[in-house]
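Structure first, commentary second.
The values are calculated or read from the model by the stated rules, or taken from the named source; none is laboratory data. Here the structure is a predicted model, which means the values were calculated and not measured. No Cβ is skipped: glycine too gets one built from the backbone with ideal geometry, and neighbour counts run over all protein chains shown.
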Amino acid sequence: MALTRERDPALLGALQRQAATALVEMARWKSEGHAQPAFFILARIAGHSDDAAFGLWQRCDREVVIGDRRFQVLSTGSGWLTAPRIPAWTRLIGDRRALLRLSHNSQED
């Protein structure tokens with residue numbers, strides 16, 4: 001967070017372009033101590049004052065910052081998609097379970 005304290009536009013722009021998806025995922029972590037730095041970096045990118053961001057954090061209203069249009073990822077198709085709300089590794093677990101079910105079902109046939 002110290003890097004963004006001065007709100008250097010070039011740095012905030014680079015973080016927005018190169019790290020927004022990871023920061024959004026981190027800001028949604030359940031461990032507040034791990035999620036808070038990413039949340040405050042996103043708030044600074046979105047133009048919120050630290051006081052306003054702290055108020056949102058205290059009210060458990062992270063999505064006001066996380067849902068900002070600045071943090072949407074351009075899809076390969078036409079239009080915008082929001083950054084994923086669940087970590088990628090949880091989708092992999094779900095895919096693995098689906099594959100195991102398919103494998104199990106095909107062995108019964």
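Condition test on G77, is it of a type outside the set (K, R), modelled with pLDDT of 90 or more and either out of contact with any Ser or Thr (no Cβ under 8 Å at 6 or more places or on another chain) or closer than 18 Å to L12 by Cα (or both)?
It is false that G77 is of a type outside the set (K, R), modelled with pLDDT of 90 or more and either out of contact with any Ser or Thr (no Cβ under 8 Å at 6 or more places or on another chain) or closer than 18 Å to L12 by Cα (or both).
Give the number of residues within segment 23-39 that are in contact (Cβ under 8 Å) with a residue 12 or more places away in the chain, out of contact with any His (no Cβ under 9 Å at 6 or more places or on another chain), closer than 16 Å to F71 by Cβ and not basic (K, R).
8
I need a count of the residues in segment 1-23 that are within 11 Å of R44 (Cα to Cα), in a helix (DSSP H, G or I) and of a type outside the set (A, V, I, L, M, F, W, C).
So the count comes out to 4.
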